[in-house]
Amino acid sequence: MSIEEEFGVKIVAESAMCPICGKDTVVVSKREHMGGDLEGVTEIFNQCRSCSYCASDVFPSAGGEPKRYTFRVRSSKDLDVRIVKSSTATVHIPELGIDIEPGPASKGYITNVQGVLERVKDAISMARSWETTDEGRTRCDEKLASIDTIIDGGEFSPFHLILEDIFGNCLIIAKQVKAAALSPEEIDRIATQG
């Protein structure tokens, strides 16, 4: 059985140029989901065989319109809700004071609410290592403890997970999700952040 058959991955190009090392050694692969919750979602992966550069993104077939998806996480069962986060999406968790804006190294991925929280933990841990004040390290520790309580299934207050994407390339796959178009003012605000 080939890799394409086993994993549903189609090799698109074998020798794209790497934006980091400049060599023609980037393998580009594309995976199109053909059923279930992710039907119509395409994942793109780029990896350089020379310098280990990698990038990924996702593109739902329903994308294209600037959108905001809001999901209220009420219990540990909601941690399993599927998330399609594009490289251009902004992630907000207002109750935890979390705002993650896309940058040049931002990646798209398919995960669940817990996976988003794990990535947020990684970002906070990195920020903590750069923090120069006790107050800043304490704020990071408090956020990390709050996220650990949620992931470990402890008691937690409901919170909102919000994805905003001016290209509409993200999804939260749940019945209780609220999707709304972004206004021109919101699009301008998001486009000029960072």
Compute and list, largest first, the equivalent-ellipsoid semi-axes of the chain from the alpha carbon gyration tensor, each √(5λ) rounded to a whole angstrom.
29, 22, 18
Under 10 Å, Cα contacts only: if you run a Gaussian network model on the chain, which one of LYS143, LYS23, LYS178 comes out with the highest mean-square fluctuation?
LYS23
Long-range tail of P(r) for the range 29-68 (Cα pairs > 13 Å, %):
61
Packing rank of 164-173, 144-153, where each peptide gets the mean count of other beta carbons within 10 Å, highest leading:
164-173, 144-153
Could you check the spin-label model distance between TYR109 and GLU135? Points 7 Å from the Cα along Cα→Cβ, value in nm.
3.2
Long pairs among LYS107/LYS175; LYS143/LYS178; LYS85/LYS175; LYS30/LYS143, criterion Cα-Cα beyond 28 Å:
LYS30/LYS143
Accessible area of the chain belonging to carbon and sulfur atoms, whole % at 1.4 Å probe:
51
Can you tell me the order of 114-121, 98-105 when each peptide is scored by its average per-residue count of other Cβ atoms within 10 angstrom, highest first?
114-121, 98-105
Under a Cβ-only charge scheme (Lys and Arg +1, Asp and Glu -1), can you give me the dipole magnitude of the chain about the Cα centre, in debye to the nearest 20?
140
So if each residue of separation counts as 0.36 nm, and I subtract the Cα-Cα distance between ASP99 and VAL27, what length gain in nm does that give?
22.7 nm
FRET efficiency, 1/(1 + (r/R0)^6) with R0 35 Å, evaluated for GLN176 and CYS51 via beta carbons
0.20
Hey, what number do you get for the chain at 222 nm if only DSSP H runs of n ≥ 4 count, each worth -39500 (n - 2.57), divided across all residues, to the nearest 500?
-8000 deg cm²/dmol
Please give the contour-minus-distance gain from ALA16 to ARG128: 0.36 nm per residue of separation, less the Cα-Cα distance, rounded to one decimal in nm.
36.7 nm
Of the DSSP H helices in the chain, those whose Cα atoms cover at least 30 Å axially and whose Kyte score averages -0.5 or more
none
Cysteines, the chain, no other Cys beta-carbon under 4.7 Å
CYS54, CYS140, CYS170
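The values are calculated or read from the model by the stated rules, or taken from the named source; none is laboratory data. Since this is a predicted model, take the numbers as computed values, not measurements. Neighbour counts are summed over all protein chains in view; Cβ atoms, including those assigned to glycine, are modelled from backbone coordinates with ideal geometry. Just so you know, the surface numbers come from the protein's heavy atoms only, side chains and all, with ligands and any DNA or RNA stripped out. Shrake-Rupley method; radii C 1.70, N 1.55, O 1.52, S 1.80 Å.
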